[in-house]
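J.: Structure below; questions to follow.
The values are calculated or read from the model by the stated rules, or taken from the named source; none is laboratory data. Just so you know, these numbers come straight off a predicted model, no measurement behind them. When we count neighbours, we look across all protein chains shown, and the Cβ atoms used for this are built from the backbone with ideal geometry, even at glycine.
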């Protein structure tokens, strides 16, 4: 019976600490002393990125929101109040996609793989959009899209 009581006490302590930590993570760092900062209440489906996109016009400002609220993780909860600092919109440092050494655009319906090619680089050259690699992989029924070999002739769906 003593052992059972000890287990119940330990479990109780763990549960209390869990909820105490959860509450402090949610409310950590709310800054009410500055009038130059705005407050935002999190709604369902929002992320730090989406909030930054809405408020600053750039999702890259999510780090500013996280820092201003002294959040320990990137997770936010519905109903959580966040301080939105007065900062300018961040821009990505790379504005143009990078291509491999072979920067020639592809216009045909097929392409022969050369050394250094990836489905991403091929799609970028063929369509101007690297994310089209999925279409190329499906059209060629590639089992493992990460593995393409020099000399393979790929169909480029148009």
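J.: Filter the stretch 35-52 down to residues that are modelled with pLDDT under 90 and either outside the structural domain of residue 79 (by TED's automatic domain parsing) or crowded, with 17+ Cβ neighbours inside 10 Å (or both), then give me how many there are.
T.: Residues in the stretch 35-52 being modelled with pLDDT under 90 and either outside the structural domain of residue 79 (by TED's automatic domain parsing) or crowded, with 17+ Cβ neighbours inside 10 Å (or both): 0 in total.
J.: Related question: Exactly one condition in (1) in a helix (DSSP H, G or I); (2) at pLDDT 65 or above; (3) surrounded by 10 or more Cβ atoms within 10 Å (Cβ to Cβ) is not met by residue 24; state its number.
T.: (2)
J.: Look through 123, 88 and report the one residue that is outside any loop (DSSP other than H, G, I, E, B), within 29 Å of residue 53 (Cβ to Cβ) and at pLDDT 90 or above.
T.: Numbers: 88 fails: outside any loop (DSSP other than H, G, I, E, B).
The conditions single out 123.
Here is a yes/no grid of residues against (1) at positive phi; (2) surrounded by 12 or more Cβ atoms within 10 Å (Cβ to Cβ); (3) at pLDDT 90 or above:
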{"residue": "14", "(1), (2), (3)": "no, no, no"}
{"residue": "29", "(1), (2), (3)": "yes, yes, no"}
{"residue": "33", "(1), (2), (3)": "no, no, no"}
{"residue": "56", "(1), (2), (3)": "no, yes, yes"}
{"residue": "78", "(1), (2), (3)": "no, no, yes"}
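J.: Within the stretch 127-150, which residues are touching a helix residue (DSSP H, G or I) at 6+ places or on another chain (Cβ under 7 Å) and surrounded by 15 or more Cβ atoms within 10 Å (Cβ to Cβ)?
T.: If the condition is that a residue be touching a helix residue (DSSP H, G or I) at 6+ places or on another chain (Cβ under 7 Å) and surrounded by 15 or more Cβ atoms within 10 Å (Cβ to Cβ), then 130, 132, 133, 136, 137, 145, 148 are the ones that fit.
J.: Right, another one. Go through 63, 87, 113, 153 for me and flag whichever is surrounded by 12 or more Cβ atoms within 10 Å (Cβ to Cβ) and touching a strand residue (DSSP E or B) at 6+ places or on another chain (Cβ under 7 Å).
T.: On the way: 63 fails: touching a strand residue (DSSP E or B) at 6+ places or on another chain (Cβ under 7 Å); 87 fails: touching a strand residue (DSSP E or B) at 6+ places or on another chain (Cβ under 7 Å); 153 fails: surrounded by 12 or more Cβ atoms within 10 Å (Cβ to Cβ).
Residue meeting the stated conditions: 113.
J.: Among (1) in a loop (DSSP other than H, G, I, E, B); (2) touching a helix residue (DSSP H, G or I) at 6+ places or on another chain (Cβ under 7 Å); (3) touching a residue at least 24 places away in the same chain (Cβ under 8 Å), where does residue 105 come up short?
T.: Looking at each condition in turn, residue 105 falls short on (3).
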